[in-house]
Amino acid sequence: MSESLESAIRGICGSCGNDRGRLMDIVRAVQEQFGCVDGRAMELIAAEVGARRVEVEGVVSFYAFLSDHPTGEVVIRVSKCVPCLMNGARRVAEAFAEALGIEVGQTTADGRITLEYTPCIGMCDQSPAVLINDTVITYLGTDRARRIAEKLLAGAEPSRLVNKFGDGVNASDLVRSAVHNNVRQAGPFVLGPFAAGDARRAASMTPQEVIREIKTARLRGRGGAGFPTGMKWDFTRAANGDGKYVICNADEGEPGTFKDRVILTEQADLVFAGMTIAGYAIGAEQGILYLRAEYAYLRRHLENVLRQRREAGVLGENVAGVEGFTFDIRIQMGAGAYVCGEETALISSCEGLRGDPKNRPPFPAQKGYRGQPTTVNNVETFCCVARIIQHGAGWFSEMGSHGSPGTKLLSVSGDCSRPGVYELPFGIKLSEVLKLAGAEDTIAVQVGGPSGRMVGPKDFERSICYDDLSTGGSIIVLGPGRDLLKIASEFMEFFIEESCGYCTPCRVGNVLLKSRLDRIIAGKGEPDDLEYLEQLAKTVKTASRCGLGQTSPNPILSTLENFRELYEAKVQPANGLQRSFDLSEALADAEEAAGRKSVHA
Ligand code: SF4
């Protein structure tokens with residue numbers, strides 16, 4: 001065993017050029033082959049790539065899809081994002097657990113099958129959903145979960161569990177997935193038809209002209225922050241370095257967001273065209289598409305599109321006939337870490353490190369991947385880039401509003417009859433989105449995922465755009481009967497699990513916030529708790545180092561702002577009694593020592 005481990009690791013590291021910067025690829029390959037990256041494997045990897053064992057261990061311990069101890073050769077990951085929970089994800093997990101004879105978080109006695117929860121697998125429009133190794137199963141019920149568990153116990157290969165494929169490219173030989181695109185409304189920019197070579201116009205322009213066109217179109221990043229893309233490219237082009245890089249952030253991990261999944265499935269060529277244009281504009285030779293681990297089922301399809309682009313002469317040397325312009329793209333797989341959606345954490349991950357965010361300045365445009373000037377843009381942003389070059393800035397900015405030209409892809413999930421992906425012009429009212437999605441009697445909408453805000457009916461006439469209700473794409477509809485404070489608590493749980501732990505306000509503050517919120521939900525809150533939540537939430541926002549911590553208290557702050565009455569109903573003064581004091585809990589130790597139970601219980 002140990003010999004085969006040694007030779008396998010030598011082979012894996014060799015195939016990655018024994019490059020320490022490719023550590024993510026190496027540990028992922030070892031995990032896949034051996035079910036874990038244990039201490040011996042870490043030592044061998046460290047020796048091959050010239051790293052210290054502790055560095056390898058740091059990477060393995062950071063990512064949810066890696067493990068230093070054996071897991072089952074089959075890992076069932078039940079998505080527990082709020083849309084999945086709303087549709088019965090816990091019941092599905094329990095059905096799996098019962099059929100497998102284990103608890104969630106355990107492995108079957110024969111060591112073959114592990115069952116666990118995972119934060120969000122990007123299937124909120126077809127929930128509940130699970131990942132079984134890289135195979136996605138959607139629209140699950142408890143009976144089907146039991147049948148799948150029985151098949152797995154009988155030795156079925158996860159990939160053979162799917163016999164009915166989704167639509168479009170999902171049904172192709174390279175994907176063969178049960179996932180449905182659920183495109184409810186396609187627009188002209190991102191989801192409209194596109195053929196390889198449609199953006200060749202860039203070849204007749206200088207890099208400066210390309211950047212000017214993107215600036216004229218007033219394109220802003222579609223990831224949520226809305227930074228002007230042309231300006232970012234200007235900074236990267238002007239920065240000095242030995243090489244420059246283009247990175248596409250395809251780590252869409254915000255619960256409730258799944259539109260990049262559809263773009264990568266149906267419009268991969270458009271994304272790669274946009275990346276190539278970015279490479280030409282800033283003077284880069286190398287592009288990286290960082291693909292979240294949950295979308296590994298798309299990898300072969302994406303590699304195939306890249307191969308076709310090379311054959312068509314729009315990747316490689318002298319791209320599109322432009323003498324001296326060399327540009328190629330590689331795919332970097334993630335390994336399950338929401339924080340890697342933050343651009344500096346994503347760069348760390350591409351470099352084979354833990355996905356720790358970096359201090360800024362320097363910004364990636366000055367010093368990014370491998371210390372070189374780097375532009376990081378979102379999947380949807382690259383689609384817009386290719387369209388602007390294809391049709392011109394004027395055509396692009398005809399849609400949307402002055403501050404937010406173009407369209408926005410929205411991922412709509414939750415309590416509505418038509419969940420899915422909508423490409424809509426910026427400036428559309430939230431009420432119109434709800435109508436399109438078939439949402440009725442909506443009591444609240446979570447706009448922008450957990451890091452966004454929860455709004456109520458008084459905000460439904462507001463517009464989706466950078467200057468009003470801004471969102472990276474997630475729209476979770478909450479209908480009658482939903483417990484909004486419990487949903488806020490689920491979001492806080494998500495941030496606690498996903499914090500990288502580097503800074504105290506985020507690591508500790510979110511735990512304190514959730515525990516005080518849960519105390520209120522349990523009816524043990526005090527009126528002073530609202531002030532406590534507000535103050536602590538503001539501290540966490542301002543004192544945290546990266547975007548995760550800076551937005552993590554939003555579920556509490558936005559519910560306090562828009563649904564304060566729900567809190568106030570729970571924290572009414574209780575006739576002089578202190579609600580937070582639990583007599584049973586306070587006496588529990590004494591009762592145990594005395595060996596008796598008192599009458600108050
Ligand atoms: Fe890590 Fe949170 Fe600090 Fe960001 S804010 S660096 S996620 S601990």
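Below is a table of values for the structure above.
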quantity: Selection from the stretch 527-544 of residues that are open to solvent by less than 40 Å² (accessible area, probe 1.4 Å) and in contact (Cβ under 8 Å) with a residue 40 or more places away in the chain; calculated: Asp529, Leu530, Ser544
quantity: Test: Ala365 is small (Gly, Ala, Ser) and either surrounded by fewer than 15 Cβ atoms within 10 Å (Cβ to Cβ) or over 22 Å from the mean Cα position of the chain (by Cα) (or both); calculated: yes
quantity: Residue within the stretch 108-122 that is in contact with a Phe, Trp or Tyr (Cβ under 7 Å, 6 or more places away or on another chain), surrounded by fewer than 24 Cβ atoms within 10 Å (Cβ to Cβ) and in contact (Cβ under 8 Å) with a residue 40 or more places away in the chain present; calculated: yes
quantity: Failed criterion for Glu252 (all others in (1) touching a Gly at 6+ places or on another chain (Cβ under 9 Å); (2) of a type in the set (Asp, Glu); (3) open to solvent by 20 Å² or more (accessible area, probe 1.4 Å) hold); calculated: (3)
quantity: Looking only at the stretch 539-550, and only at residues there that are of a type outside the set (Gly, Ala, Ser) and near the ligand (Cβ under 9 Å from one of its atoms), the one that is farthest from the chain's Cα centre (by Cα); calculated: Val540
quantity: Any chance Ala196 is under 19 Å from Ala393 (Cα atoms) and in the same structural domain as Asp269 (by TED's automatic domain parsing); calculated: no
quantity: Pick from the stretch 187-229, criterion part of a helix (DSSP H, G or I) and modelled with pLDDT under 95, ranking: most open to solvent (accessible area, probe 1.4 Å); calculated: Arg200
quantity: Qualifying position, being open to solvent by 10 Å² or more (accessible area, probe 1.4 Å), assigned by TED's automatic domain parsing to the domain that holds Leu298, away from the ligand (no atom under 11 Å from the Cβ) and of a type outside the set (D, E, K, R), among Gly352, Gly334, Gly371; calculated: Gly371
quantity: Subset of the stretch 395-414 (residues that are in a loop (DSSP other than H, G, I, E, B) and open to solvent by 10 Å² or more (accessible area, probe 1.4 Å)); calculated: Glu398, Met399, Ser401, His402, Gly403
quantity: Residues within the stretch 154-176 that are surrounded by 14 or more Cβ atoms within 10 Å (Cβ to Cβ) and charged (D, E, K, R), tallied; calculated: 1
quantity: Residue ID - farthest from the ligand (Cβ to nearest atom), chosen from residues in the stretch 505-523 that are under 18 Å from Asn554 (Cβ atoms) and of a type in the set (D, E, K, R); calculated: Asp518
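Yes or no, residue by residue, for (1) more than 25 Å from Phe65 (Cβ to Cβ); (2) over 24 Å from the mean Cα position of the chain (by Cα); (3) in contact (Cβ under 8 Å) with a residue 60 or more places away in the chain:
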position: Ala217; (1), (2), (3): yes, yes, yes
position: Lys232; (1), (2), (3): yes, no, yes
position: Gln267; (1), (2), (3): yes, no, yes
position: Gly279; (1), (2), (3): yes, yes, no
position: Leu298; (1), (2), (3): no, no, yes
position: Glu303; (1), (2), (3): no, no, no
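Yes/no per residue for (1) touching a helix residue (DSSP H, G or I) at 6+ places or on another chain (Cβ under 6 Å); (2) in contact (Cβ under 8 Å) with a residue 40 or more places away in the chain; (3) assigned by TED's automatic domain parsing to the domain that holds Glu254:
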{"site": "Phe382", "(1), (2), (3)": "yes, yes, yes"}
{"site": "Ile389", "(1), (2), (3)": "yes, yes, yes"}
{"site": "Val412", "(1), (2), (3)": "no, yes, no"}
{"site": "Asp415", "(1), (2), (3)": "no, yes, no"}
{"site": "Arg418", "(1), (2), (3)": "no, yes, no"}
{"site": "Leu424", "(1), (2), (3)": "no, yes, no"}
{"site": "Asp441", "(1), (2), (3)": "no, no, no"}
{"site": "Val447", "(1), (2), (3)": "no, no, no"}
{"site": "Ser451", "(1), (2), (3)": "yes, yes, no"}
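The values are calculated or read from the model by the stated rules, or taken from the named source; none is laboratory data. Model, not experiment: these values are computed from the prediction. Note that we place each Cβ from the backbone using ideal geometry, even for glycine, and neighbour counts take in every protein chain shown. Side chains are part of the model used for accessible areas, which takes the heavy atoms of the whole protein and leaves out ligands, DNA and RNA. Shrake-Rupley method; radii C 1.70, N 1.55, O 1.52, S 1.80 Å.
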